[in-house]
1. Are any of the residues in the stretch 379-387 out of contact with any strand residue (DSSP E or B) (no Cβ under 8 Å at 6 or more places or on another chain), surrounded by fewer than 24 Cβ atoms within 10 Å (Cβ to Cβ), at pLDDT 80 or above and outside any helix (DSSP H, G or I)?
2. What's the number of the condition residue 109 fails, among (1) within 27 Å of residue 185 (Cβ to Cβ); (2) in contact (Cβ under 8 Å) with a residue 40 or more places away in the chain; (3) part of a helix (DSSP H, G or I); (4) under 26 Å from the mean Cα position of the chain (by Cα)?
3. Quick one: which helices (runs of 4 or more DSSP H) lie wholly within the stretch 218-306 and hold at least 2 residues that are modelled with pLDDT under 75 and surrounded by fewer than 19 Cβ atoms within 10 Å (Cβ to Cβ)?
4. Between a residue in the stretch 220-248 that is under 19 Å from residue 104 (Cβ atoms) and any residue that is modelled with pLDDT of 75 or more and surrounded by fewer than 18 Cβ atoms within 10 Å (Cβ to Cβ), which pairs come within a Cβ distance under 6 Å, given they are 6 or more apart or on different chains?
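The values are calculated or read from the model by the stated rules, or taken from the named source; none is laboratory data. Since we're looking at a predicted model, the values are computed, not measured. Note that we place each Cβ from the backbone using ideal geometry, even for glycine, and neighbour counts take in every protein chain shown.
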């Protein structure tokens, strides 16, 4: 009965148009009434405790770093370097988009922000060069969802806090699959570009390449600092967020000098708004997660799927299919917050590596960001590229297929993720 109440309230609230955070609070309210333990003070205290985590401090820092990079000229220089290196190839702007998305992913960790930044720079150039705009937009959107995989990743931070797993290990485990996702997208674009007569950009001279490298080296040095700090144990993910924000601010104000004080105020306000939305969502999910545990919903799910525990691979396939379906209609963050406390006990009981599960969970949810009917990143690229939603769906379809094929590969060959993690760690 508790499952019916939870799902009924959640789906009903979403259908009524309530924001996800308020929908989760509604679910918590309903479960408290069902369990005959309603107390406003308990709900308020749990809501506060949900956001009271040192690890979650990394989120506002990385959000701020991403906003500073977009406003301070770092993002533009990150795009400019691959433009000089591969822009002259057939379909070169597509390769530039994926490479830029991967570099941006190692700086901000937000799929929506990275997609918007790269698309705003490249889509007008692709349109001017007579690229098929729906396929170009689909490629940029697909590259944007690498952001939750390559560290620093905001979804990995949220998953780590929800599960109690090491965020640093999750970050390190995301490097190899994130790079492979970028490579798979470029391979798919190469196959498409080879069938089209796409114009080439003028080849950059060595002097232009050197100028672009020397100008962008300050921006490119940021992921080295972040990943190097994790790898050496110099700082935690939260401290890395503070370092990233300070470094980006220093470069934008002192080195590039493209950010004014008035622009900085706008950046701080935008970062505060984004952080408030995410943190309220996390706090609201904590209320539901606590009541889910009290109502023993994880135990019910475990009992339901108990026959599959002796076959971990089959169980994992079933879990991935369930996450894929949920990810098509729900955003990444609430999916992680709702399903993590339900699925993780079952995963551990089946003997599946929880770090591997976390990476696969986030990859699956990330693909959902470009999958209709919802697809937040798909909506972003539609707006930036001024495309109808249907045209954007057709453009992104080949890349969705490629990413799901890669996901299947990761399912049946988990060592692709686990082995690089052991080497990196």
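1. yes
2. Of everything listed in (1) within 27 Å of residue 185 (Cβ to Cβ); (2) in contact (Cβ under 8 Å) with a residue 40 or more places away in the chain; (3) part of a helix (DSSP H, G or I); (4) under 26 Å from the mean Cα position of the chain (by Cα), residue 109 misses just condition (3).
3. Numbers: elements: 237-250, 261-294, 297-304.
By residue number, 261-294, 297-304.
4. As it stands, the answer is 229/235, since those pairs meet every condition given.
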